[in-house]
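Sharing a structure below in structure tokens format, with a few things to ask.
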Amino acid sequence: MTMNRRHLLRLAPATLAVAAAGVSSAQPDPSPLVRHAIPRSGESLPVIGMGSWLTFDVGTDLVQQAQRRQVLQGFFAAGGGMIDSSPMYGRSQWLLGELLPSVPHEGKLFAATKVWTPFDRLGAGQLEQALALWRLARFDVLLVHNLLNWRGHLKLLRQWKEQGRVRYIGVSTSHGRRHDDLAQLIRSEPLDLIQITYNFADTRAEPVLNLAARQLAKALGRAGLEDVLRRPRAALRAGAAQHLQGDVGMLGELFGHDGPPRIRGARKPTASSAAARRPAAGPGRRPCSRPCGPAAASPEWRR
């Protein structure tokens, strides 16, 4: 089968692919924009979302910055909203903060980032720095990255939510790891959102998604919420895996997962290239981007 953009928008969650080497100047597709509601709040979001790992970690190179500005312009012009980042994504948060003021996006941005440290005492400072880097007064979503110290950081995120500094909180996993731990969290913790890898060639997350849908159905007294999971699964099985490659991180309502997915166009780097690209959080600052001591060996520090 032939997979074009319009076909993909109908078959699978809409995506925005960003090539690390360059940016296309194609006009936005006129197809109606697909939107889904977050079941717990009813807020409607476009299913087009964008990650920033590697693709926005380009430092102060003016040519590459101009390309990323084009990416943001095309993203919002096409109806996109959710942009996801993390402290571990090098200078991505800093660059987003530099570029967003020059790109029209009023009322469209759905800003998501993460806390990523094994230490309770460092979490608040990391979130404060993220707000400063993004140049925002509050975030739409804050997640505990890869479940790292989730017990400590979820307390902090709940405090921020009570203070009105974030609207939704949750946790993330990646590369198919820690699904058992995530399933326990879904059963025991009141979360708003999760971010989970759901890959065209790897559907191991399905049991977790099914569990989440069942839990929400019980919490809200509604049946049939697993329908929101059948649509992306059917698209994957229809052959999309033959046409697309990438790491899909699904930012979905915790129990409903009716939220915006994203596809990163860049291929995963080798260990040597990842080490070579490990930059600081902003110009003139080179904080340790990996933990020191025993925590450095923890698999959670990998993306």
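Excluding LEU96 itself, what net charge comes from residues whose Cβ is under 11 Å from its Cβ, given Lys and Arg +1 and Asp and Glu -1?
On the way: positive: ARG68, ARG69, ARG91, ARG135; negative: ASP57, ASP84, GLU98.
Charge balance near LEU96 sits at +1.
Each label point is 7 Å from the Cα along the Cα-to-Cβ direction; what then is the distance between the points at LEU220 and SER102, in nm?
Computed distance between label sites LEU220 and SER102 equals 4.1 nm.
Let me ask something else. Starting from the Cα of GLU162, move 7 Å in the Cα-to-Cβ direction to define the label point; list residues of segment 111-127 whose amide nitrogen is under 11 Å from there.
none
Sorting ASP140, ASP180 on the 10 Å Cβ count, fewest up front, what's the list? Intermediate values should be presented prior to the final figure.
Values: ASP140 19, ASP180 10.
Ascending Cβ contact count within 10 Å gives the list ASP180, ASP140.
Read the figures in this text as sums done on the coordinates, not as results from a lab. Because the structure is predicted, anything quoted here is derived from the model rather than measured. All Cβ positions, even for glycine, are placed from backbone atoms using ideal geometry, and neighbour counts span all protein chains on display.
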